[in-house]
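Working notes for the structure below.
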Amino acid sequence: MEHIGSIDSLKLTVLCDDNTGITKQFLSQHGFCLLLEIHSNTVNKNILFDTGQSTLPIFHNMNLLDIKPSCIDMIMLSHAHNDHTGGLISILEAIDKETPIIAHPDLFKENFSSIPFLRYTGCPYTKQDIINKKGKLLLSKEPIKLLDGILFSGQIKTTSYPCLNNSKYYNLVDGKKVVDEILDDTCLILNIKSKGLLIITGCCHSGIMNTISHAIDVTGINEIYGIIGGLHLVNTAPSLINTTLHELYKFKLQTISLGHCTGVTATHKCIELFLDKCTLLHSGKILEY
Ligand SMILES: [Fe+2]
Ligand SMILES: [Fe+2]
């Protein structure tokens with residue numbers, strides 16, 4: 001267990017989500033991309049969490065928000081799926097400086113889905129493509145401290161709680177089709193001073209309960225202040241949605257912001273349970289902690 005430290009404040013801007021807001025002409029696309037502006041008394045850094053499916057909506061939204069790619073200090077990729085990794089190369093080109101990229105070592109697996117039709121669903125780039133654009137890959141199954149108060153989760157240890165990978169994805173290993181357990185699914189764990197842990201998920205294929213229990217395990221901190229991201233409860237049996245969200249409710253979250261692959265049923269259930277503590281993510285949304 002690593003002493004995580006803490007941050008003073010965080011400004012989170014949704015650069016791309018599946019939904020658009022209504023106040024400005026933001027664009028959306030199935031995919032996820034967040035900018036985290038982190039302030040602590042020792043350091044201020046900007047982390048890009050995931051890179052969406054393509055940069056068309058991301059660059060458009062950054063323009064509207066007056067955010068320059070050169071402000072990005074590091075990139076974390078939550079998992080290989082191309083709705084989280086697809087924009088990486090164009091973003092690195094726009095940043096145009098050496099940029100650390102943190103992810104799980106399975107990032108480059110040959111990943112497919114046949115539902116609803118056969119398609120490549122993995123990271124669309126090779127290691128060399130990334131190196132060519134000044135990306136510095138740091139691939140780790142272990143948690144890694146990115147700065148004081150912020151931990152990359154590493155591989156999320158699963159417990160008796162179910163994972164949410166739906167057996168929809170498979171990998172090609174030595175020419176054989178192998179069910180993808182999505183072990184590359186990771187999250188970002190932030191410890192906000194006098195609030196507790198804020199967990200940021202991409203698709204949360206490991207399941208939110210496994211993700212929380214892993215975050216507690218690797219930080220030794222039991223206080224979960226909030227959750228932000230996709231919960232991958234879309235197309236999930238209502239009984240599993242109910243049990244998952246009732247378990248989640250026990251953590252007395254102060255804030256829960258949902259988007260991407262959470263799904264309509266789970267989102268409605270969360271609003272019912274968490275009332276005004278629950279907000280919905282959309283392109284252009286800004287959250288401050
Ligand atoms: Fe996703
Ligand atoms: Fe995913």
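Remarks
- Dipole magnitude of the chain about its Cα centre (Cβ charges: Lys, Arg +1; Asp, Glu -1), debye to nearest 20: 100
- Between segment 2-46 and segment 203-224, the Cα center-to-center distance that results, in Å: 20
- Candidate lysines for bridging to residue 68, where Cα separation is under 24 Å - those fewer than 8 sequence places away on the same chain excluded: 11, 24, 45, 97, 133, 134, 136, 285
- Take the convex hull of the alpha carbons in segment 110-171; its mean projected area over all directions comes to 6.5 nm².
- The separation of segment 178-198 from segment 260-289, counted between C-alpha centres, amounts to 18 Å.
- Percent RCO, i.e. relative contact order, over the chain, from Cα pairs under 8 Å lying at least 6 residues apart: 20
- Neighbourhood net charge (11 Å Cβ-Cβ; Lys/Arg +1, Asp/Glu -1) for residue 17: -2
- Of the peptides 13-19, 176-182, 111-117, the order by per-residue mean of other Cβ atoms within 10 Å, starting with the highest, comes out as 13-19, 176-182, 111-117.
- Extent of segment 1-153 along its three principal axes (Cα atoms, max minus min coordinate, largest first): 49, 40, 28 Å.
- Taken over the chain, the convex hull of the Cα atoms encloses 126 Å³ per residue.
- Part-to-part distance (alpha-carbon centres) for segment 84-101 and segment 61-82, which is given in Å: 8
- Ordering 188-196, 75-83 by mean Cβ neighbour count within 10 Å, with the highest value first, yields 75-83, 188-196.
- Segment 217-274: translational diffusion in µm²/s, Stokes-Einstein, Kirkwood Rh over Cα pairs, 10 °C, 1.306 mPa s: 133
- Only helical runs count toward this figure. For the chain, summing -39,500 (n - 2.57) over DSSP H runs of n ≥ 4 and dividing by all residues gives -6500 deg cm²/dmol at 222 nm.
- Which of 59, 216, 178, positive extreme of dipole for segment 9-288 (C-beta unit charges): 216
- Taken about its Cα centre, segment 140-220 carries a charge dipole of roughly 140 debye when the Cβ of each Lys and Arg holds +1 and the Cβ of each Asp and Glu holds -1.
Every number in this text was worked out from the coordinates using simple rules, so none of it is lab data. Nothing here was measured: the structure is a model prediction, and the numbers come from that model. Quick reminder, even Gly has a Cβ in these numbers, built from the backbone with ideal geometry, and neighbours come from all protein chains shown.
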